[in-house]
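Colleague: Quick one: the structure is below, questions incoming.
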Amino acid sequence: MRILPLLLVACLTVAVHAAPLDPIPLWPNGAPGALGTADKDIPTLTAFLPDPDKASGAAIVICPGGGYAGLAKHEGQGYAEWLADHGIAGIVLKYRLGSGGYRHPAMLNDAARAIRLTRSKAAEWKIDPKRVGIMGSSAGGHLASTILTHFDGGTPKDPDLVEQFSSRPDIGILCYAVITMGPFTHGGSKKNLLGENPAPELVDLLSNEKQVTKDTPPCFLFHTWEDKAVPVENSLMFAEALRKAGVPFDLHIFQKGGHGMGLGPERDKGILHPWANDCLYWLKVQGFLK
């Protein structure tokens, strides 16, 4: 007689997350520079929209990590569900990869288009086009930091209405991000993004700590001291550049934690790493939470 109540309690503790909308291609007639028409050649957005009662009207485009060779689900869908649970639309970007034969600027073009397309969906997705951020982990953090430093204001008379929107994110969230293509870079990400022997000018251009200006959006950064895959110097250098440019930021360095942790090693049990709550506090300060 006691089994049924226990089962009911167990069911009640299972988290129910926002269901994703169907993925939409960034370009309905094919991406510029596409090498074919296979799935790997079609960058998409998948929106996880919050319950209307929770919705703050803000949205964040998410670039999963994976060394520019893959896309980690827990750094894409996992983040999107977490954001939607807190009232922010989580928009997962499936961008083109070095493992699919692509190099820069295909990835940057995908990220820029993702910001523009999200803004163009403001009425449909019930979001504020002036509160659209970017978020990324590891190599996805490099892509996020690239659009944070290589955006443009859009093309007002472009016949493609999406291209009329700005690609400048309003905020950035960088999680154990690859920032530099210099000595502290992640070798695999650099090779997949730039190829075997990139020109020094290209290395400098994509070393995003060198590209920060006063117009770079406010950023939240977190890293761990013991990260052996992407050294903590990446976040430290970007934070220093933000400081010198007068750009507001939050920087959180934790001693413990391996690379690629996402929301934390016990996220499946509902136990999140402290950076998640720190980030929510920062998002509230930025006006992205109710």
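The values are calculated or read from the model by the stated rules, or taken from the named source; none is laboratory data. Fair warning: this is a prediction, and the values are worked out from it, not measured in the lab. Methodologically, a virtual Cβ is constructed for each residue, glycine included, from the backbone with ideal geometry; neighbour enumeration extends over all protein chains shown. Each accessible area value is taken on the protein alone, full model and side chains, heavy atoms only, with ligands, DNA and RNA left out. Shrake-Rupley method; radii C 1.70, N 1.55, O 1.52, S 1.80 Å.
Colleague: Here is a list: ARG96, ARG103. Which entry is charged (D, E, K, R), over 17 Å from VAL162 (Cα atoms) and open to solvent by 10 Å² or more (accessible area, probe 1.4 Å)?
Modeller: ARG103
Colleague: Suppose we filter the range 245-266 for residues that are over 22 Å from SER189 (Cα atoms) and in contact with a Cys (Cβ under 9 Å, 6 or more places away or on another chain); how many remain?
Modeller: Of the residues in that region, 6 qualify.
Quick grid of which residues meet (1) hydroxyl-bearing (Ser, Thr, Tyr); (2) without any contact (Cβ under 8 Å) to a residue 40 or more places away in the chain; (3) assigned to a loop (DSSP other than H, G, I, E, B):
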residue: VAL162; (1), (2), (3): no, no, no
residue: SER167; (1), (2), (3): yes, no, yes
residue: THR180; (1), (2), (3): yes, no, yes
residue: LEU193; (1), (2), (3): no, no, no
residue: GLU201; (1), (2), (3): no, yes, no
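Colleague: From LEU194, LEU206, grab the single residue that is hydrophobic (A, V, I, L, M, F, W, C) and either closer than 24 Å to LEU263 by Cα or within 18 Å of the chain's Cα centre (by Cα) (or both).
Modeller: LEU206
Colleague: Quick check on the range 220-228. Is at least one of its residues closer than 30 Å to VAL16 by Cα, surrounded by fewer than 17 Cβ atoms within 10 Å (Cβ to Cβ) and among the aromatic types (Phe, Trp, Tyr)?
Modeller: Taking every residue of the range 220-228 in turn, none turns out to be closer than 30 Å to VAL16 by Cα, surrounded by fewer than 17 Cβ atoms within 10 Å (Cβ to Cβ) and among the aromatic types (Phe, Trp, Tyr).
Colleague: Say whether the condition of being within 14 Å of the chain's Cα centre (by Cα) and open to solvent by less than 60 Å² (accessible area, probe 1.4 Å) is met by at least one residue in the range 30-45.
Modeller: Checked the range 30-45: at least one residue is within 14 Å of the chain's Cα centre (by Cα) and open to solvent by less than 60 Å² (accessible area, probe 1.4 Å).
Colleague: Can I ask one more? Kindly indicate whether any position in the range 263-286 is closer than 26 Å to ASP128 by Cβ, among the aliphatic types (A, V, I, L, M), open to solvent by 80 Å² or more (accessible area, probe 1.4 Å) and not in a loop (DSSP other than H, G, I, E, B).
Modeller: Yes; the residues of the range 263-286 include at least one that is closer than 26 Å to ASP128 by Cβ, among the aliphatic types (A, V, I, L, M), open to solvent by 80 Å² or more (accessible area, probe 1.4 Å) and not in a loop (DSSP other than H, G, I, E, B).
Colleague: Then there's this: Show me the helices (runs of 4 or more DSSP H) entirely contained within the range 36-132 in which 1 or more residues are more than 30 Å from LYS284 (Cβ to Cβ) and of a type in the set (A, V, I, L, M).
Modeller: Per the criteria, 106-120.
Colleague: Which one of these does TRP125 not meet: (1) within 29 Å of HIS259 (Cα to Cα); (2) in contact with a strand residue (DSSP E or B) (Cβ under 7 Å, 6 or more places away or on another chain); (3) of a type outside the set (D, E, K, R)?
Modeller: Result: TRP125 fails condition (1) only.
Colleague: If you don't mind, another one. Take LYS126 and decide whether it is of a type outside the set (Ser, Thr, Tyr), at positive phi, over 15 Å from the mean Cα position of the chain (by Cα) and open to solvent by 40 Å² or more (accessible area, probe 1.4 Å).
Modeller: yes
Colleague: Now, a different point. Open to solvent by less than 20 Å² (accessible area, probe 1.4 Å) and either among the hydrophobic types (A, V, I, L, M, F, W, C) or at pLDDT 95 or above (or both): does that describe TRP27?
Modeller: No; evaluated as a whole, the condition is false for this residue.
Colleague: A follow-up question, please. Kindly provide the set of residues from the range 248-257 that are under 19 Å from the mean Cα position of the chain (by Cα) and assigned to a loop (DSSP other than H, G, I, E, B), ordered by number.
Modeller: PRO248
Colleague: For the range 271-287, what are the residues that are in contact with a strand residue (DSSP E or B) (Cβ under 7 Å, 6 or more places away or on another chain) and under 17 Å from ALA89 (Cα atoms)?
Modeller: Of everything in the range 271-287, those that are in contact with a strand residue (DSSP E or B) (Cβ under 7 Å, 6 or more places away or on another chain) and under 17 Å from ALA89 (Cα atoms) turn out to be CYS279, TRP282.
Colleague: Looking only at the range 25-67, how many residues end up being touching a residue at least 60 places away in the same chain (Cβ under 8 Å) and not small (Gly, Ala, Ser)?
Modeller: Of the residues in the range 25-67, 15 are touching a residue at least 60 places away in the same chain (Cβ under 8 Å) and not small (Gly, Ala, Ser).
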